[in-house]
Amino acid sequence: MLKNILDIPFFGAIIRSTWTWRLLRLAMLGLLLVMIAYGWHQHAIPGVDVRDPLMYSNFTTFNLWVLWMMGMVVVAMFLGRSWCTVCPVGWLNGLISRFGLRREMPSWLNNFIPVTLVLVLLQLLVYFFSIHRYPDYTALLLALMVVLALVMGLIYRRRSFCLLFCPAGAVFSLYARLAPWQLRVKEKTVCESCQAKPCVSTEQVWKQASISSLRLNWRTRAEGCPVALVPAAINDSAACTLCLNCVQTCCNDNVSLGFRNWPGDLRQGGLRPSEALFFMVLLGMLTANFAKVYVTLREAIFWPPENLALSLGWDAAGFYPLAMIWVGLLFPLLIMLPGLLIYLVGQVKISTLEGEPDDAPREATATFTLSGFMTLLGQMALPLLPLVLSAHLTLAIVKLNAKFGYLPLALQDPSGVKSFLAINVMQTMPPPGVLIALDILKWVIVVILIVGFALSVAAAWTVAKSEDNGQQKIDRPFFVAALVTLFILSGFYGSTVMEWLFVR
C-alpha cells in the first residue's frame, strides 16, 4: 500500500509545488466563467415548442448536471475530498478571506445546518423552476455561488462559503470516511517540538520575487489551513479539504499523502448531530430519486405528501414543500425506525432485586434529548455509508452512460442550439447512444450494490466493536439494528433494479 506519494521522484515534486495547484485552480475558474457565459440568456430555442431543448446539448447544463454532478461521486469514492483541492469557488473564498474583515464564524453557524438548508433549497428550486434543465438558470446559480464566495470571504476568515453554502463539500465529507486516501503527519512528536508551526500560521509575512538583480517585496498573510485544522490533530478525512497548504509550508517535511486500508475512518466515532441531519436529508432524497424508475414504488413513497396536499386543497406549490419535508426528514426516519427500535430494546437491562420493589416514587435518572437522539442517528449512519455510496454511484453511472455521448456536441456547439436542431428537427444527426448496453450495465449495477451491501455489513461489525480493559467487545444490539436497516434499504434499491432492468 503506497503510504506517501510525496516521496515519488518527480511526481512528488509536482504535488508539492504551489504553482501546480494555482494553475489547476485558475483553469477551473476559467472553465467556470466559460460555463456562466455560455449559459447566460440561453433558455430555449425560438420557434421550437419543447420544454427544455438545451438540457443536455448546452455546454453549461451538461458540464454541471451531468459531467460534474455525476462524476464527483466517482471522485469522492476513490479520492475523498480531492475535488476541494482544485475547486475554484472555495479557492476564491479562501483567497479573499485573507484580505477581508477576517471575523470568526459564529458558533451557531459552525455546523451542518446551513448547508442542509441549502440542499433543501436547491431541491425546491429543481421542483419549482427545473433549474437543472435550463442553461440560464444554471448560469445564474453558478454566478451566485461566485458572488457568495466573494462576500463570505470579505466577512469571515477561511473558507466560510464551503461550510455554509456547499452541499457537495458536505457529501464529500461523508464519503471521505470510506475513500482509500488520506493526509496525515508522519510523526506527531515532530509537530509537538516544532516552534514555527507555519502549517497553521495566518500571520503576515514578507515575500520576495526576484529576477536576476531585480527584487520585488510585498507583505501578505500566510495561508494556513483554510478550514482551521491542525495537521497533527487530524484523525479522520471528513474535514480536510486536501488543499495541501500544510504540505507546501511544513518546515520538517512531516506530512504524508497516500492510501490507507479500509474501512477508513469508521472507527473514529459517529457523525455529529448536525452532520447526521444532513445525512438523513441526503438519504431520503437519494432513495426517492433512486426509485423514480419504479413507478409503483415511487408513487408509494410520495403517497403521504400527495394525499395531504389533496386533502388541504393545495396544488403543486403546496405539494412540493410537503414532499421535501417528507422525503428529506420523515421518510428516512421511517427507514431507520425499525433498527432504532431494535437497538433501544437491546439496551433494556433486567436485573434481580433483593426483596420487594420500593413503591415510593423515584426521580428519573435518564431523559430523552434531541441531541442524544441525533447522536444515535449519527452512529447508526456510519454502517449505511457504503451502501448509500453504492446507490449514489449507480445513479451516476446510469446518467453518465446515457448522456456522456453529448460531450462532443457540447464542445463543438457550446450553445447547444445547432446540435438540438440537427438531432430533433432536421434529423441530420442521430442522437448519442449509450456507452454500455443495458444487458451489461444491469449486471454492473447488481455487482456494485452487492459490494456496497457487503461493505456495509463489514462496516456495521467494525462500528459495533469496542475495547474494554484490553478485551474486544461487540455491541450486538447495534449490529443487529444496523443489519435490519441495511436489509430495508437494500429492499428499496434491489426491487427498483429488478423492476427497471430485469422485469420490464
Item to check | Evaluation of residue 372 against (1) outside the structural domain of residue 459 (by TED's automatic domain parsing); (2) surrounded by fewer than 17 Cβ atoms within 10 Å (Cβ to Cβ); (3) not aliphatic (A, V, I, L, M) (one fails), failing number | outcome: (1)
Checklist entry - Residue check: is residue 177 in a loop (DSSP other than H, G, I, E, B), within 28 Å of residue 416 (Cα to Cα) and in contact (Cβ under 8 Å) with a residue 12 or more places away in the chain? => result no
Checklist entry - In the stretch 462-490, how many residues are at pLDDT below 95 and exposed (fewer than 15 other Cβ atoms within 10 Å of the Cβ)? => result 11
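Each row is one residue, and each column tells you yes or no for (1) β-branched (Val, Ile, Thr); (2) touching a residue at least 40 places away in the same chain (Cβ under 8 Å); (3) in contact with a Pro (Cβ under 9 Å, 6 or more places away or on another chain).
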{"position": "266", "(1), (2), (3)": "no, yes, yes"}
{"position": "270", "(1), (2), (3)": "no, yes, no"}
{"position": "306", "(1), (2), (3)": "no, no, no"}
{"position": "323", "(1), (2), (3)": "no, yes, yes"}
Item to check | Pairs, first assigned by TED's automatic domain parsing to the domain that holds residue 246 and surrounded by 15 or more Cβ atoms within 10 Å (Cβ to Cβ) in the stretch 7-29, second in a loop (DSSP other than H, G, I, E, B) and at pLDDT 90 or above, C-beta under 8 Å, six or more apart | outcome: 25/87; 28/87
Next on the checklist: Yes or no: the stretch 320-339 includes at least one residue that is modelled with pLDDT under 90, aliphatic (A, V, I, L, M) and part of a helix (DSSP H, G or I).
Outcome noted: no
Checklist entry - Does any residue of the stretch 226-235 turn out to be closer than 15 Å to residue 174 by Cα, free of Cβ contacts under 8 Å to residues at least 60 places away in the same chain and surrounded by fewer than 19 Cβ atoms within 10 Å (Cβ to Cβ)? => result yes
Checklist outcome for this item: Checking 471, 427 in turn, the sole residue that is over 29 Å from residue 133 (Cα atoms) and among the polar types (S, T, N, Q) turns out to be 471
Checklist entry - Could we say that residue 239 is of a type in the set (A, V, I, L, M, F, W, C), surrounded by fewer than 19 Cβ atoms within 10 Å (Cβ to Cβ), touching a helix residue (DSSP H, G or I) at 6+ places or on another chain (Cβ under 7 Å) and outside the structural domain of residue 493 (by TED's automatic domain parsing) here? => result yes
Checklist entry - Exactly one of (1) in a helix (DSSP H, G or I); (2) under 27 Å from residue 413 (Cβ atoms) is unmet by residue 55. Its number? => result (1)
Next on the checklist: Checking the condition in the same structural domain as residue 40 (by TED's automatic domain parsing), out of contact with any helix residue (DSSP H, G or I) (no Cβ under 9 Å at 6 or more places or on another chain), over 21 Å from residue 385 (Cβ atoms) and in a helix (DSSP H, G or I), which residue from 124, 117 passes?
Outcome noted: 117
Checklist entry - Inside the stretch 100-114, can you point out the residues that are in contact (Cβ under 8 Å) with a residue 24 or more places away in the chain, part of a loop (DSSP other than H, G, I, E, B) and either of a type in the set (Asp, Glu) or over 30 Å from residue 66 (Cβ atoms) (or both)? => result 100, 101, 102, 104, 105, 109, 110, 111
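The values are calculated or read from the model by the stated rules, or taken from the named source; none is laboratory data. From a predicted model like this one, the values you see are computed outputs, not experimental measurements. Because the Cβ atoms are built from the backbone with ideal geometry, glycine has one as well, and the counts that use them run over all protein chains shown.
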